[in-house]
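Reviewing the structure listed below.
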Amino acid sequence: MSSANREDRTERLRVAAAFKHENAVARANRALMLMQSRGEVVNFRTVAQVAGVSKDFLYSQPDIRLKIEQQRSSKGTSLNVPPREKLSSAGAAVQLQVVKEANSKLREEVGNLRQENAVLRGELLSLRRRLVSIKGRHDG
């Protein structure tokens, strides 16, 4: 395997790992928002179950960890409030910010994937031209 191929594979693995990480962060944030809006118990175990991530992952993400800890600490003050009324304007602003951040990351990822796709299309076109050229030499 050439070093260029190895570097390409390494870069693709990095991109895939970053995508997997961002996807897990987005799932955790969505789970947290959903659980808050439903008035469900929010803790590391329940968020991990709903999001399909590990508790260790949640603990390792400072923003998510802070949100869960804040929700746990405010639990006692909002027990009798109906779930629809629990979402304050501050909570809505947090949700909006989370959605905007996720959207921004997804847009960036789409842009990166489009660039990668364009490069790969160029390489494919170049290889097809070489193949036609090689076939032309052998046929003639």
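The values are calculated or read from the model by the stated rules, or taken from the named source; none is laboratory data. Bear in mind the structure is a predicted one, so any value in this text is a computation, not a measurement. Cβ placement follows ideal geometry from the backbone for every residue including glycine, while neighbour counts extend to all protein chains displayed.
Residues in region 15-61 that are aromatic (F, W, Y) and within 23 Å of A90 (Cβ to Cβ): F44 only. Looking across region 24-44, the residues that are assigned to a loop (DSSP other than H, G, I, E, B), touching a Lys or Arg at 6+ places or on another chain (Cβ under 7 Å) and surrounded by fewer than 20 Cβ atoms within 10 Å (Cβ to Cβ) come down to G39, N43.
For every residue, the table says whether it meets (1) touching a Ser or Thr at 6+ places or on another chain (Cβ under 8 Å); (2) at pLDDT 85 or above.
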residue	(1), (2)
D56	no, yes
E69	no, yes
L87	yes, no
K100	no, yes
R114	no, yes
H138	no, no
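Annotation: of all residues in region 11-23 being surrounded by 11 or more Cβ atoms within 10 Å (Cβ to Cβ) and more than 17 Å from S104 (Cβ to Cβ), the one that is nearest to the chain's Cα centre (by Cα) is V15.
Among the residues in region 29-42, are any closer than 25 Å to L113 by Cα, at pLDDT 90 or above and not aliphatic (A, V, I, L, M)? Checked region 29-42: at least one residue is closer than 25 Å to L113 by Cα, at pLDDT 90 or above and not aliphatic (A, V, I, L, M).
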